[in-house]
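Below: one structure, written as structure tokens.
Each value in this text was obtained by applying a stated rule to the coordinates, not by laboratory testing. What you are looking at is a predicted structure, and each value in this text was computed from that prediction instead of being measured. Don't worry about glycine lacking a Cβ; one is built from the backbone with ideal geometry, like all the others, and counts go over all protein chains shown.
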Amino acid sequence: MLQKLNKSSKFMNPKEQKGFLTRKLNSVPILHKLLKKSFFPVIKWSRFLFLIGLSFGLFAYAKLQGGFLSWFLFYTLLPFLLYAFVLFVYPMSDFYIERVVTSSNLNAGQAATLHIKIRRKQNFPLFFIGVVEWLPEKILHYNKSTIGKVACLPLLLREFSVSYEIPNMPRGEHQFSKIQLKIRDPLSLIEKRKVFLIKDTLVVYPILKKTYFQEFQSDYELGKHVNVIRRNRESSVVSNVREYQPGDRLSTIDWKSTAKRAELMSKDFEDKNSQDLLVAVNSFANREVFEEMVTHAASLIDAEIRTNGKAGLLLISKTSYLIPSRNSKEQRNKCMLALAKIEADSRELCEQFFTLNKGTLSGHCSFVFITDQLSVDIVKRLSSILDKNLSIHVVYFTNSEELSPLGRKAVDLAKGRGIYVQFVQ
């Protein structure tokens, strides 16, 4: 039959042949589900029939043999056989399962502890309960494991719990959905199982490292960039007059108040035009480098808010997401949650979806752009939002020590247009 199908497929046109192969591949999961539904009940009833045959076989052996040893063997195994019969009719609907995630505010690389609470109405003695947890795919990729397995011996307990630990948790929003419960008798003659659909979400935040935005601002002292903060501060509105402090600029001295009080007095300005920090993450990146990019962005935002600065987040992806710059604990949590959920997109989609809107930026802002690719087109789009009150810094993640000719051209163009580029390997 297969040979006939293969021969007939040779005479098909390419479109028909492609559809034939697609239908053939799609039928494999359906066939697997049908076999699963029809094959597992056969195993269940075959165990029961084996139990009945074993019971009658032992009784017939003791009856025909008639010796002490044969009857001793029968009466010794009789309690186990009766327990297996009762376990076969024991309802799996008697169980109620709840998953409890005790680990909160987890960062990537840390271990998560999960507790599974099991309750039942009847106090029928159970000698073995196996709990199997289906872990999300991303966790399986990092931990090289298929499922989480835990076994216990509850006996007459109606309420009990089991715990297991997942080491090296990856960053992201992980969905837990299935828990399988297995019970069996001491001789493993009867085994029953049931899958419980229990959905829970565990959010793992990025790793935070010690980094500060002052690393970029140190270039102002070397004369590479114009100090936007200082220029804005001089144009602010005077709010108060205070005593002169060492380090104040001469332009801030209030000469009228100095003449009246016979001591140096300095002007105190309203901090209206304070410089905000907006961190942008280009999600069109390689997945291997993307985790380091997210870590760097989270560290910058965390350090800026902890030092009483204002920070915001811009996620550049198919559906861009902007969190305006503010200073609050809620702002930090909102940015960390967004960085925990974001996933890398295909690099090939960068030129198609990469957009920057000048209207989303505040008047006086330090714009930090974190990316693993830098082209002339990206530099032109960055420079299109550049004005006198905006400073742009590019954190360029690269694996190669030497730039390609196109990469060198993009870096030279960025420096020529007043965009600072920092390399991270």
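When the C-alpha to C-alpha distance is required to be over 28 Å, the pairs from K329/K415; K199/K334; K149/K329 that qualify are K329/K415; K149/K329.
For L73 and D377, FRET efficiency with R0 = 56 Å and r from the beta-carbon atoms, rounded to 0.05? The formula returns an efficiency of 0.10 here. Considering only F127, M92, V150, the residue lying farthest towards the positive end of the dipole of segment 90-205 is M92, judged by Cα position with unit charges set on Cβ. The 3J(HN,Hα) values that the Karplus relation (6.51, -1.76, 1.60; θ = phi - 60°) gives for segment 115-127 are, in residue order, 10, 10, 8, 10, 10, 8, 7, 8, 9, 5, x, 10, 8 Hz. Gly and Pro appear as x. In a reduced charge model with +1 at each Lys and Arg Cβ and -1 at each Asp and Glu Cβ, segment 272-424 shows a dipole moment near 700 debye about its Cα centre. Using only side-chain charges placed at the Cβ, +1 for Lys and Arg and -1 for Asp and Glu, the dipole size of segment 251-344 relative to its Cα centre rounds to 360 debye. Pairwise Cα separations in segment 90-205 fall into 10 Å bins from 0 onward with the following percentages, short to long: 13, 45, 27, 13, 1.
Ordering D302, D377 from the fewest to the most neighbouring beta carbons within 10 Å gives D377, D302.
In order along segment 317-327, phi translates into HN-Hα couplings of 8, 4, 10, 5, 9, 10, 10, x, 5, 8, 10 Hz, rounded to whole numbers, per the Karplus curve 6.51 cos²θ - 1.76 cosθ + 1.60 with θ = phi - 60° and x for Gly and Pro.
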